[in-house]
Amino acid sequence: MKRLFLICLGLFFSVSSLAAQEGRFVQKDNIFPRVEIVTSMGSIVVELDRSKAPITVNNFLTYVSDKSYQGSVFHRIERDVENDRDFVIQGGGYDKDYDGLHENDPIFNESGNGLKNDMYSIAMAYQDRQPHSGTRQFFFNMDNNDHLNPGKDWGFAVFGSVMDGYDTLDKIMTVETGFNEKIGYDFVPKKPVVILNIKVLEQVPL
């Protein structure tokens, strides 16, 4: 009986050691961790900013750590057709069948951190008129979207910027989109653009 208990205890710690790491412990001494987002249309390297958006960055890294972004899609690729300008590429919340993925608790909106929704920045999405409802969905600004910055109301929290892979984002922006009945959204790619993996890159010594 004692031996069985020790075996079970050993299995418990083995499983626990494989559990996902909280984002705050991922390169915890690195203020500007970098991640590579590998998509079905190419890769994007993003530098995250813990100095300005620690809550948002650590939340994002928690999802990266548990690999729950693997197989998710960019479900919104929107252009401002009226003004002939690109707008956003949003993803991380649905799988290829457009079923919603598991969400951790919502986080505090850090949109007042001084970072702007400028072109090729990455920001946290939230539900309409619920600024503190952000969980796992993020978006890339594909133009200087000043109206997404905080003013009288809360804005969208920018938590990093693209360092490489601008061509990948530009290519994603050109895919054909339409209305998707399942999720009730316009601007949904007719052929899914899949996030194959997001991995934290090795820290570069100073």
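Details
- Just one residue in the set Lys190, Lys116, Lys171, Lys199 is more than 22 Å from Arg85 (Cβ to Cβ) and basic (Lys, Arg); that residue is Lys199.
- For Phe74, the conditions (1) under 13 Å from the mean Cα position of the chain (by Cα); (2) within 25 Å of Ile31 (Cβ to Cβ) are fulfilled apart from (2).
- Looking across segment 174-185, just one residue is in contact (Cβ under 8 Å) with a residue 12 or more places away in the chain, in contact with a strand residue (DSSP E or B) (Cβ under 6 Å, 6 or more places away or on another chain) and more than 16 Å from Arg85 (Cα to Cα), and that is Asn180.
- For segment 96-106, the criterion of being in contact with a helix residue (DSSP H, G or I) (Cβ under 7 Å, 6 or more places away or on another chain) and either among the polar types (S, T, N, Q) or modelled with pLDDT of 95 or more (or both) is satisfied by at least one residue.
- Residues being open to solvent by 70 Å² or more (accessible area, probe 1.4 Å) and at negative phi - total across segment 77-111: 11
- Number of the exception - Met119 against (1) farther than 18 Å from Gly155 by Cβ; (2) in a loop (DSSP other than H, G, I, E, B): (1)
- Count - residues of segment 143-170 that are of a type in the set (Val, Ile, Thr) and within 18 Å of Gln127 (Cα to Cα): 1
The values are calculated or read from the model by the stated rules, or taken from the named source; none is laboratory data. The structure displayed is predicted, hence computed values, not measured ones. Counting neighbours? That spans all protein chains shown, and the Cβs are built from the backbone with ideal geometry, glycine included. In case anyone asks, the SASA skips ligands and DNA or RNA and just uses the protein heavy atoms, side chains included. Shrake-Rupley method; radii C 1.70, N 1.55, O 1.52, S 1.80 Å.
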